[in-house]
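Student: Right, I'll just put the structure down here and ask away after.
The values are calculated or read from the model by the stated rules, or taken from the named source; none is laboratory data. From a predicted model like this one, the values you see are computed outputs, not experimental measurements. Here the Cβ is made from the backbone with ideal geometry for all residues, glycine too, and neighbour counts use every protein chain on show. Each accessible area value is taken on the protein alone, full model and side chains, heavy atoms only, with ligands, DNA and RNA left out. Shrake-Rupley method; radii C 1.70, N 1.55, O 1.52, S 1.80 Å.
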Amino acid sequence: MDNWEAETLNISGIVDDSIVDGPGLRYTIFVQGCPHGCPECHNPQTHSFEENKRVTLGQLMSEIKENPLLYGVTFSGGEPFCQPGPLAILGQQIKKAGMHLMCYSGYTYEQLLKRAEIEPDVTALLNVVDVLVDGPFLIVERDLELLYRGSRNQRLIDLKAMREKGDRSHVILWQEM
């Protein structure tokens, strides 16, 4: 077993065949713990930072590789950027497997860039994610017609395109192909 495989995540749950958490068939990991407390959150059971279910990255990657029909993986929550180190490591393995990676965050992209200045793991996670859904869920901005997000303030940010341009400061919105 490689060292990365023994690293662990505290998760709330998994959906191994999601079609609503990003493009294509996806494996969605719901991490445990969220500081945002958005009113009427879709996943309030993920808010507590208490240990829920501890899983190894090796176990998760093994399950991901079992399904050849998967297009990608989604990190949701809870707040993925509360566990950026292990998720960045898992994200690297997901990218090595040729899969698309999407991540939800209640933080805005700009807030994450600020955190990345002092938290290398935040930078590492941002560096492997293809599409970031940023910002808190706001009930006053709720819109059931939106693609892959719950409120109009949330953006689908194409981090992969931004990396390819070499410019992290100008947000490029993602458009599904």
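Student: Pairs under 9 Å by beta carbon, first residue at positive phi in the range 148-177, partner modelled with pLDDT under 95 and open to solvent by less than 90 Å² (accessible area, probe 1.4 Å), six or more apart or different chains?
Tutor: Sorted first by the residue in the range 148-177, then by its partner, the pairs are Y148/E176.
Student: A further question on this structure: Specify which of the listed residues (G58, G72, G24, G37) is within 14 Å of the chain's Cα centre (by Cα) and small (G, A, S). Even if it seems obvious, please write down each step before you answer.
Tutor: Numbers: G58 fails: within 14 Å of the chain's Cα centre (by Cα); G24 fails: within 14 Å of the chain's Cα centre (by Cα); G37 fails: within 14 Å of the chain's Cα centre (by Cα).
Sole residue among the options that is within 14 Å of the chain's Cα centre (by Cα) and small (G, A, S): G72.
Student: Looking only at the range 61-89, count how many residues are in a helix (DSSP H, G or I) and of a type in the set (F, W, Y).
Tutor: 1
Student: Which of the residues belonging to the range 137-162 are surrounded by fewer than 19 Cβ atoms within 10 Å (Cβ to Cβ) and either in a loop (DSSP other than H, G, I, E, B) or touching a helix residue (DSSP H, G or I) at 6+ places or on another chain (Cβ under 8 Å) (or both)?
Tutor: Passing the criteria: L138, D143, L144, E145, L146, L147, Y148, R149, S151, R152, N153, R155.
Student: A follow-up question, please. Determine which member of the set L60, L25, L69 is of a type outside the set (F, W, Y) and crowded, with 20+ Cβ neighbours inside 10 Å. Write out each step before concluding.
Tutor: Working: L25 fails: crowded, with 20+ Cβ neighbours inside 10 Å; L69 fails: crowded, with 20+ Cβ neighbours inside 10 Å.
That would be L60, the only listed residue that is of a type outside the set (F, W, Y) and crowded, with 20+ Cβ neighbours inside 10 Å.
Student: Hey, could you check the range 83-125 for residues that are of a type in the set (A, V, I, L, M, F, W, C) and either surrounded by fewer than 19 Cβ atoms within 10 Å (Cβ to Cβ) or in contact with a Pro (Cβ under 7 Å, 6 or more places away or on another chain) (or both) and say which is nearest to E50 (Cα to Cα)?
Tutor: L87
Student: Tell me yes or no: at least one residue of the range 6-14 is in a loop (DSSP other than H, G, I, E, B) and open to solvent by 20 Å² or more (accessible area, probe 1.4 Å).
Tutor: Yes: one or more hits.
Student: Consider only pairs whose beta carbons are under 7 Å apart and that are at least six residues apart or on different chains; among these, list those whose first residue lies in the range 109-124 and is touching a residue at least 40 places away in the same chain (Cβ under 8 Å) and more than 20 Å from G135 (Cβ to Cβ) and whose second residue is part of a helix (DSSP H, G or I) and open to solvent by less than 90 Å² (accessible area, probe 1.4 Å).
Tutor: Between residues of the range 109-124 that are touching a residue at least 40 places away in the same chain (Cβ under 8 Å) and more than 20 Å from G135 (Cβ to Cβ) and residues that are part of a helix (DSSP H, G or I) and open to solvent by less than 90 Å² (accessible area, probe 1.4 Å), the close pairs are A124/P84; A124/A88.
Student: Just the residues that are open to solvent by less than 40 Å² (accessible area, probe 1.4 Å) and either under 12 Å from C103 (Cβ atoms) or modelled with pLDDT under 95 (or both), please, taken from the range 126-136.
Tutor: L126, V128, V129, D130, V131, L132, V133, D134
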